[in-house]
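K.L.:
This is the structure I want to talk about, given as structure tokens.
The values are calculated or read from the model by the stated rules, or taken from the named source; none is laboratory data. For clarity, every value in this text was computed on a predicted model and none was experimentally measured. Note that each Cβ is placed from the backbone with ideal geometry, even for glycine, and that neighbours are counted across all protein chains shown. These area figures cover heavy atoms from the full protein model, side chains too; ligands, DNA and RNA do not enter into them. Shrake-Rupley method; radii C 1.70, N 1.55, O 1.52, S 1.80 Å.
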Amino acid sequence: MSKLFIAGEVFHGAGSLSELANIKGKKAVIVTGGSSMRKSGTLDKAITYLTEAGIETQIFEGVEEDPSSATCMKGAEIMKTFEPDWVIGLGGCSAIDAAKIMWVFYEYPDADFDAMIKPFTVPVLRNKAKFIAIPSTSGTGTETTGLAVITDREKGVKYPIVSYELTPDIAIVDGEICASMPAHVTSNTGLDALTHCVEAFVSNIDNNIADALSKGGLEIVFNNLKEAVENPNNITARQNMHDASFMAGLAFNNAWLGIVHSLSHQVGALYGIPHGASNAIFLPNVIRYNAQATERYPDLARVIGKETAEDLAQAIEALRLDVNNPSAIKEFGISREDWDKNIDYITANALADPCTGFNPRVPSLDELKSIYNACYEGLVYTEELVTG
């Protein structure tokens, strides 16, 4: 028997932010990032709708990209004073992920962050508040996942905190909120959603529902991402990408991810490379690597009119080029000297990453290192590259 894990209620479609006016409660803390939600008017709209619902609000602004545990502690302190019965993550994945961990520390002030790094160890939530996720980017699907990625700045490591307790009670998937998203963010986040579709489909967890969502999300991304990048005010394309991101998130929330994410988490934490951009660099070569152990890639390839795993890898590379994303890690200005200095450290962390356990092929340290080095240079991975 399997259980489908999904946000408790899902409202999607242009203008669905207005559903906040129907929320029942007394107080809400809205957690958001920099200034984009304020500048776009989305934050004021959210406050207006909550006021209509009779809910008093307090705002926590300034969540940074790749949020830290320290930021989460600050937000939890505000919540302990204000005592909300709703926690709302509004904005990009960083704001929503940070809000999730703030929520944990609001309910459990003495919780041990290091202990929660182990999957499925977050304590039972909803004793004080419930959670609403309202994404402004179309990539992570965090609005329907039990996942929050938090960075330890001192160690230079990203930790995926995994627990179905973190799955939001309400998800609002409103494509209008994405209209102000810059082209490079649209590109990065869309390629992140694409990666979720591919990794969930080939994971070592069999799930027919996740498979259907992965295929559907993949098709939508290939049909809409370039349009969303080139014509940002096309709300139909925006909503389609937002729906694809949700579908991909729902797929991986029930089948989980693989080594593309294990590899990406490390370069994001150490070098600040945008998550979707690094995913898009690693994904084609991971497909080539995993194709030795799974025959599932051709099923995905046929969704976009292709045949083989290599066809799929090349189609992703072509889409990556179409939406102006880099094809090599070195394009982010990382010197070979700096890369070589850190390669053993990030490879060891990638091997230990929770996502590695769901990959269809069990990797060795040397194999991950070879994938890393190929992707640093922008080379095609082959088995002959592995040394050790």
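K.L.:
Under a straight-distance cross-link criterion of Cα-Cα below 15 Å, which aspartates and glutamates are reachable from residue 158, leaving out those fewer than 8 residues away in the same chain?
P.N.:
Residue 158 reaches 64, 65, 66, 97, 114, 353.
K.L.:
Counting each pair of different Cα atoms once, what's the Kirkwood radius of the stretch 149-236 in Å, rounded to one decimal?
P.N.:
Values: mean 1/r = 0.0651 Å⁻¹.
Evaluated over the stretch 149-236, this radius sits at 15.4 Å.
K.L.:
Decide, for the stretch 197-286, between rounded, prolate and oblate: order the square roots of the alpha carbon gyration tensor eigenvalues as a ≥ b ≥ c, take rounded if a/c falls under 1.5, and otherwise choose prolate if a/b is larger than b/c, else oblate.
P.N.:
It comes out oblate by the Cα gyration axes.
K.L.:
Principal axes first, then extents: for the Cα atoms of the stretch 98-200, list largest minus smallest coordinate on each axis, whole Å, largest first.
P.N.:
41, 31, 25
K.L.:
Distance between Cα centroids, the stretch 258-323 to the stretch 342-359: provide it in whole Å.
P.N.:
The stretch 258-323 and the stretch 342-359 have Cα centres separated by 17 Å.
K.L.:
Right, something else. Accessible area of residue 158, 1.4 Å probe, to the nearest 10 Å²?
P.N.:
Result for residue 158: roughly 10 Å² accessible.
K.L.:
Compute the helix-to-body angle for 69-82: its Cα long axis versus the longest principal axis of the chain, expressed 0 to 90° and rounded to tens.
P.N.:
Roughly 20 degrees, rounded to the nearest 10.
K.L.:
Moving to a separate point now. Kindly report, to the nearest 10 Å², the accessible surface of residue 361 as traced by a 1.4 Å probe over protein heavy atoms only.
P.N.:
40
K.L.:
Label the stretch 188-343 by shape, choosing from rounded, prolate and oblate, from the square roots a ≥ b ≥ c of the eigenvalues of the Cα gyration tensor; if a/c is under 1.5 it is rounded, and otherwise prolate applies when a/b is larger than b/c, oblate when it is not. Numbers along the way, then the final one.
P.N.:
Details: a/c = 1.65, a/b = 1.21, b/c = 1.36.
Oblate is the answer for the stretch 188-343, as a/c is 1.5 or above yet b/c matches or exceeds a/b.
K.L.:
Moving on to the next point. Where does the chain land on Rg/Rh, using Cα atoms and the Kirkwood Rh? The partial results should precede the final answer.
P.N.:
Working: Rg = 19.8 Å, Rh = 20.7 Å.
In the chain, Rg relative to Rh is 0.96.
K.L.:
Considering only DSSP states other than H, G, I, E and B, which GluC sites (Glu not before Pro) in the stretch 124-173 qualify as loop sites with at most 15 other Cβ atoms within 10 Å? If you can, show how the numbers build up before the last one.
P.N.:
Details: sites: 143, 154, 165; in loops: 154.
Sites meeting the loop and neighbour criteria: 154.
K.L.:
If you don't mind, another one. Using the structure shown, select from 100/155; 118/215; 45/226 the pairs with a Cα to Cα distance greater than 26 angstrom.
P.N.:
Numbers: 100/155 22 Å; 118/215 30 Å; 45/226 29 Å.
In this structure, 118/215; 45/226 exceed 26 Å between Cα atoms.
K.L.:
For the chain, take the longest principal axis of its alpha carbons; what is the angle in degrees between that and the long axis of helix 42-52, to the nearest 10 within 0 to 90?
P.N.:
With both axes taken from Cα atoms, the answer is about 40 degrees.
K.L.:
In addition: What's the whole-number percent of alpha carbon pairs in the stretch 201-241 lying beyond 10 angstrom?
P.N.:
Numbers: 571 of 820 pairs.
Distances greater than 10 Å cover 70 percent of the Cα pairs.
K.L.:
Need one number: convex hull volume per residue for the stretch 294-385, Cα atoms only, in Å³.
P.N.:
Working: hull volume 10.8 nm³, N = 92.
So the per-residue hull volume is 118 Å³.
K.L.:
Hey, how many Å between the Cα centroid of the stretch 203-237 and the Cα centroid of the stretch 2-71?
P.N.:
The two parts, judged by their Cα centres, are 24 Å apart.
K.L.:
In degrees from 0 to 90, rounded to the nearest 10, what is the angle of the helix 93-107 Cα long axis to the longest principal axis of the chain?
P.N.:
Rounded to the nearest ten degrees, it is 60.
K.L.:
Starting from the alpha-carbon convex hull of the stretch 55-145, give the projected area averaged over all orientations, in nm². List each step's numbers first, then the result.
P.N.:
Details: hull surface 23.3 nm².
Taking a quarter of the hull surface, the average projection is 5.8 nm².
K.L.:
In addition: When the helices in the chain are scored as -39500 (n - 2.57) per DSSP H run of 4 or longer and the sum is shared across all residues, what 222 nm value do you end up with, to the nearest 500 deg cm²/dmol?
P.N.:
Values: 14 runs with 192 residues, N = 388.
Helix-only estimate at 222 nm: -16000 deg cm²/dmol.
K.L.:
Hey, another quick one. Determine the shape class of the stretch 1-102: with a ≥ b ≥ c the square roots of the Cα gyration tensor eigenvalues, call it rounded for a/c under 1.5, and otherwise prolate if a/b is greater than b/c, oblate otherwise.
P.N.:
rounded
K.L.:
Under a straight-distance cross-link criterion of Cα-Cα below 20 Å, which aspartates and glutamates are reachable from residue 3, leaving out those fewer than 8 residues away in the same chain?
P.N.:
The qualifying aspartates and glutamates are 143, 165, 169, 199, 206, 211.
K.L.:
Quick one: how many Å² of residue 71 are accessible to a 1.4 Å probe, rounded to 10?
P.N.:
20
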